[in-house]
């Protein structure tokens, strides 16, 4: 299944919370969720009772949409976490956070994860001095992310840096926007992610 490239504001309305999928627009009065905080569609304002499976599905879909993943990628990420010793949900989210496209977004080099994915694919990012254009590549503590020298004049980077100051502070990265560089200083913990989701339900859904 290919990645979704259609309108994304409807996702925030469907999940009944802001997922911050549109970058700077999410912080303005033009945000669709602020204007219409109900599900899209003809019967969007008539929210019925949701089953236990439905609740689990909604929590899983929130995570999929926030990180912009296909169902296959989401499942593979969970299976790897489940096969690793430790708390499955914590490992699962840590693996999602350490994806290159997410790190680029967290460092404030992109206004959204979809924009970060595009920046990575178009060869604008170096990791430890080497060009890396695989959005799903997993970074480790100590890895240094740099915007390539030829790309630093692009207008997207100062706009992303300006928006970065409005987002919640991230403790596991160190960023120098003037130098177009950032470093992963620690493994992200669940408390650092600031994502309102019930991970227990996701674990229960995938363990069925």
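Structural remarks
- Among the criteria (1) in contact (Cβ under 8 Å) with a residue 12 or more places away in the chain; (2) out of contact with any helix residue (DSSP H, G or I) (no Cβ under 6 Å at 6 or more places or on another chain); (3) part of a helix (DSSP H, G or I), the one residue 118 does not fulfil is (1).
- Checklist (1) surrounded by fewer than 17 Cβ atoms within 10 Å (Cβ to Cβ); (2) at pLDDT 90 or above; (3) out of contact with any strand residue (DSSP E or B) (no Cβ under 6 Å at 6 or more places or on another chain); (4) closer than 17 Å to residue 104 by Cβ applied to residue 181, failing item: (3)
- For the stretch 164-178, taking the residues that are surrounded by 14 or more Cβ atoms within 10 Å (Cβ to Cβ) and farther than 16 Å from residue 96 by Cβ, the one that is farthest from the chain's Cα centre (by Cα) is identified as 177.
- Looking across the stretch 74-87 at every residue that is touching a helix residue (DSSP H, G or I) at 6+ places or on another chain (Cβ under 9 Å) and either in contact (Cβ under 8 Å) with a residue 12 or more places away in the chain or assigned to a helix (DSSP H, G or I) (or both), the one that is surrounded by the most Cβ atoms within 10 Å (Cβ to Cβ) is identified as 78.
- Options 190, 200, 131, 121; residue that is closer than 23 Å to residue 74 by Cα and exposed (fewer than 13 other Cβ atoms within 10 Å of the Cβ): 200
- Condition check for residue 142: more than 24 Å from residue 60 (Cβ to Cβ) and in a loop (DSSP other than H, G, I, E, B): yes
- Residues located in the stretch 187-204, provided they are farther than 19 Å from residue 106 by Cβ and part of a loop (DSSP other than H, G, I, E, B): 198
The values are calculated or read from the model by the stated rules, or taken from the named source; none is laboratory data. Every value quoted in this text rests on a predicted model; they were computed, and no experiment measured them. Reconstructed Cβ throughout: ideal geometry from the backbone, glycine too, with neighbour counts over all protein chains shown.
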